[in-house]
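Structure, as structure tokens:
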Amino acid sequence: MKIEKIICTTGHNGFAHKDLMAIKAGARPNGFLYDGQTVLPGFDSIVQPGQVISIMLVLDDGTVALGDCLDVIFAGAAGRDPVFKPEQHIDFMKGEISEFLRGRTVDSFRGLANEFDSFVFKGKRPHTAIRYGVSQALLHAESLAQKCTMAEIVAREYNTKIGTKILPILISIVKTDKILLDRMIMKKVDLLPHAAFIVVDVDLGRDGQKLIDFASGLVNRIKEIGAPDYRPRIHLDTYGTIGELFGNDVRKIVAYLTKVKKTVEPYPLMIESPVIAKSQAEQIDIYKAMRRELSSKSIDLKLIVDEWCNTLEDIRLFGEAEAADFVQIKVPDLGGLTNSIEAVIFCKSIGMGCCLGGTANETDQSSRITTHVGLATGPDFLLAKPGLGGDEALMIQRNEMARTLALIASR
């Protein structure tokens, strides 16, 4: 089956873009927005609506494969591509990229997606958002051509085994949304609340007590209204604020993490991005030192790396350095889906945990496709997406996995 026609249109993503460096530099909160000057290139305001380019591949039998080109909330930070603006890329997609794809036979997702991921135009590769969206459409196209699920395509082409159970999901809950927290406890979600501790004074406090108090309140609420057998993993994303608070002093960071760990007992604890260093090399060094210090004190909590770990090559670098317990495979940052697939396979091969993640900025389509990649590769858990509403993401992802597993089992 061949790609006969390429159609592109713009649409909305599931959340918004935020200039992380402007927020960290002291921008003043104004409701959902911030007052102040932008810092990162490409931002017109510190918080701005996000958009996607939807690509549709019309196959020669009339079926249509879909993919959405999008990037993460905190675009442009810590080595990521700049914020994705569809108006800057739509002509390129309708022109050069359409020419690249038109007439291609969809008989090997892996081969064609890898070829596109290496595509260079005027000395540059397409934005990671474009590579991500096109690869989604190519995987969808191959599944339509072969009349099977996308999970089966991935498993067949990468020689993996499809799981038999729905994967755990990490739900993102805004710190102040206590009603959503209650609903997610009621629904017994696997990991929560992610939250976002971005500014030291606002989210941690100069003595670190605000985060401790939040963790204590979270645990008390789980015990108060949760089912007797409910034992979620506690996941907190601190966006480098712990390192900022303690001047990246590893002993002080670990002493503080030990307090957080004791606060959330008896639940397992995962801390994402306790440090965001000024360079990748420094990030690796500090993470390695934190892991050594935690191990020497027999503190059982898991460190997750996100920033400065944006590509397949980055993930291999952190893994080979044994610089993290888990890595957040932030799927849009890796570009083509083949990179995320290989990242999960690599993590499993060396015994490093991984979240097949992404961003609240994703769409229903990109979220569904990611679940197929997850079922075929077996990451430790998925990130809930799109949006930060919790219920909608949980519905989309769990239902897509349930339908896929039922279809495969029926054969």
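Express as a percent, rounded to the nearest 5, the fraction of DSSP beta bridges in the chain (both residues included) that run antiparallel. The answer is about 50 percent antiparallel. With a Cα-only, solvent-free Debye model of the stretch 169-410, what are the log10 I(q)/I(0) values at q = 0.12, 0.14 Å⁻¹? Here log10 of I(q) over I(0) equals -0.67, -0.92.
At a Cβ-Cβ separation cutoff of 4.7 angstrom, cysteine residues of the chain with no neighbouring cysteine are 8, 69, 148, 309, 355.
In terms of distances greater than 30 angstrom between alpha carbons, the cross-link table entries 161/297; 24/223; 262/288; 18/178 yield 161/297; 24/223.
For the chain, modelled as a GNM whose springs connect Cα atoms under 10 angstrom apart, the maximal fluctuation among 377, 241, 105 occurs at 105.
Averaged over residues, the count of other Cβ atoms within 10 Å places the peptides 225-233, 213-221 in the sequence 213-221, 225-233, highest first. Extending 7 Å from Cα along the Cβ direction at residue 118 and again at residue 60 yields two label points whose distance is 2.6 nm.
In units of the compact-protein estimate 2.2 N^0.38 Å, the stretch 129-282 shows a Cα radius of gyration of 1.33.
Note on the stretch 3-158: with charges restricted to the Cβ of Lys and Arg (+1) and Asp and Glu (-1), its dipole about the Cα centre is near 400 debye. Taking every DSSP beta bridge that has both ends in the stretch 169-410, the antiparallel portion is near 0%. With N the number of residues in the stretch 90-185, Rg(Cα) / (2.2 N^0.38 Å) evaluates to 1.47. Which percent, nearest 5, of DSSP beta bridges in the stretch 3-158 are antiparallel? Taking every DSSP beta bridge with both residues in the stretch 3-158, the antiparallel ones total about 100 percent.
Can you give me the angle between helix 128-146 and the longest principal axis of the chain, using Cα atoms only, in degrees from 0 to 90, rounded to the nearest 10? Between the helix axis and the principal axis of the chain, the angle is about 50 degrees. In plain terms, if you count all Cα to Cα distances in the chain and split them into 20 Å steps from zero, the share in each step is 27, 59, 14, 0 percent.
Applying the criteria of a DSSP loop state and at most 12 other Cβ atoms within 10 Å to the GluC sites (Glu not before Pro) of the stretch 16-117 yields no site. Of the chymotrypsin sites (Phe, Trp or Tyr not before Pro) found in the stretch 17-70, those that fall in a DSSP loop while having at most 11 other beta-carbon atoms within 10 Å are 32.
List the relative contact order of the stretch 169-410 as a percent without decimals, with contacts defined as Cα pairs under 8 Å and 6+ residues apart.
16
Look at the dipole of the chain built from charges on Cβ: of 194, 36, 114, the Cα furthest out on the positive end belongs to 194.
Cross-link partners for residue 278 among the aspartates and glutamates, with Cα-Cα distance under 14 Å and sequence neighbours closer than 8 places in the same chain left out: 244, 306, 307.
Could you work out [θ]222 nm for the chain from helices alone, using -39500 (n - 2.57) per DSSP H run of at least four and dividing by all its residues? Round to the nearest 500 deg cm²/dmol. List each step's numbers first, then the result.
Details: 14 runs with 166 residues, N = 411.
Only helices count here, giving -12500 deg cm²/dmol.
Peptides 260-268, 183-191, 201-209, 339-347, ordered by how many other C-beta atoms sit within 10 Å of their residues on average, highest first, read 339-347, 183-191, 260-268, 201-209.
For the chain, the dipole from Cβ point charges (+1 on Lys and Arg, -1 on Asp and Glu) about the Cα centre works out to 840 debye, to the nearest 20. Here's the list of lysines a cross-link from residue 385 could span, going by alpha-carbon distance under 16 Å and ignoring same-chain residues fewer than 8 apart: 330. Compared with the dominant Cα axis of the chain, that is its longest principal axis, helix 209-225 is turned about 70°.
Against the empirical 2.2 N^0.38 Å (N residues), the stretch 3-158 has a Cα radius of gyration ratio of 1.18.
Readers should treat all values here as calculations from the given coordinates under stated rules, not as data from a laboratory. A quick note: this is a predicted structure, and the numbers were derived from the prediction, not measured. A quick note on method: Cβ atoms are made from the backbone with ideal geometry, for glycine too, and the neighbour counts reach across all protein chains shown.
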